[in-house]
1. Report yes if some residue within segment 213-223 is aliphatic (A, V, I, L, M) and crowded, with 18+ Cβ neighbours inside 10 Å; otherwise report no.
2. Looking at segment 207-223, is at least one residue over 25 Å from residue 114 (Cα atoms) and aliphatic (A, V, I, L, M)?
3. Among the residues of segment 279-334, what is the count of those that are polar (S, T, N, Q) and touching a Leu at 6+ places or on another chain (Cβ under 6 Å)?
4. Determine if segment 222-237 includes at least one residue that is under 30 Å from residue 312 (Cβ atoms) and part of a helix (DSSP H, G or I).
5. So which of 234, 185 ends up being buried (at least 16 other Cβ atoms within 10 Å of the Cβ) and under 29 Å from residue 141 (Cβ atoms)?
6. Would it be correct to say that residue 132 is without any contact (Cβ under 8 Å) to a residue 24 or more places away in the chain, among the charged types (D, E, K, R) and either surrounded by fewer than 23 Cβ atoms within 10 Å (Cβ to Cβ) or under 26 Å from residue 238 (Cβ atoms) (or both)?
7. So, of the residues in segment 269-290 that are aliphatic (A, V, I, L, M) and crowded, with 16+ Cβ neighbours inside 10 Å, which turns out to be nearest to residue 243 (Cα to Cα)?
8. Within the bounds of segment 250-268, is there any residue that is under 30 Å from residue 145 (Cβ atoms), surrounded by fewer than 17 Cβ atoms within 10 Å (Cβ to Cβ) and touching a residue at least 40 places away in the same chain (Cβ under 8 Å)?
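Computed from the coordinates by the stated procedures, all read-outs in this text should not be read as laboratory data. Worth saying up front: this structure is predicted, and the values here are computed from it rather than measured. Because the Cβ atoms are built from the backbone with ideal geometry, glycine has one as well, and the counts that use them run over all protein chains shown.
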Amino acid sequence: MKFLFYSLCFFLSLKSFSQSYSLPALKYAYNAYEPWIDAQTMEIHHAKHHQAYITNLNKALAGTKMEALSMNDLLMYASFRSDIVRNNSGGHFNHSLFWDILAPIASQSLISSELAEAINLQFKSMDSLRIKINQGATTRFGSGWVWLSVTPDKKLMVSSTANQDNPIMDITKERGIPIFCIDVWEHAYYLKYQNKRGDYLGAIWNLVDWGIVSQKYAAALNDPLLVEIEKDNWMELKEFHKVMAQTFHPAETDNLEPLKKRSAELMAKSSLLAASVSPKSLDKPAIKIALKQLEKQCIEINKLNNKKASNAILKKKITAAHDTFHVVQGLCHD
């Protein structure tokens, strides 16, 4: 009986460790954001709303393979996640960024010359950027966010998303690494501003710590995630990868039926990939050469399949093509 008791305790302790995300503490007291955001709103927003996203996310991840994934992985492939994981991982990430860029005026640091120059280059002035962001927030129907992000070509981008989506997610058209955001869910402002979203948007700028935004800008410019997002936006690469995975992995276990049924599709996807326009940072001669080699291999696989080649030969050929695809993926990371 004692053994069962200790076993149960051990099991429960393991369950607690599965809760990998926790509520980040605010850098300032709830009332430090007044008069622009009242203390009660800050406390409810942080301790109740944000905590709920974390609690629900941990429950959804517990006992699944997703427990081992990074937040970037959860967001990057949001289209493959359940609505619960998508909404709550977004809720946690989005709010964490929002808290991080807010500070009372006395604690704010100055914008970097690099970020100021980038803003002036793209938006002409800080005032123009502010107007563009406020327009994005004002025209966001219902709940959502407005963002300033660094794109894969290392430019600044203003965009807006619904609900708890963000620019990292593969379900958004305008993608990048967010460095600034404004929460336009009603719970972010309703106690003080009621339905006057415009008044809230006018006030929130008093709390922006441009020094922190500058740090995030510098970090985003060198973040490998930019390349991952750019590569993920290469749709021909994604489509080929999907068919390759669905035919090669069964072949590893000597199940050649998926490959036999889809060899023509694999060939067609390889040709589309070889002829596609690659993202700027991936426009490399070595990648083009590897893609042509991959196309030749897939054409050969389809010909062999049509001639009823043995399973051993098909397995050898799909393995070689898979190796070439790994070369392409490796070159995309270089």
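1. Yes, some residue in segment 213-223 is aliphatic (A, V, I, L, M) and crowded, with 18+ Cβ neighbours inside 10 Å.
2. The answer is no, given that none of the residues of segment 207-223 is over 25 Å from residue 114 (Cα atoms) and aliphatic (A, V, I, L, M).
3. 2
4. Yes: one or more hits.
5. Matching residue, one of 234, 185: 185.
6. In short, no.
7. 273
8. No, every residue in segment 250-268 fails to be under 30 Å from residue 145 (Cβ atoms), surrounded by fewer than 17 Cβ atoms within 10 Å (Cβ to Cβ) and touching a residue at least 40 places away in the same chain (Cβ under 8 Å).
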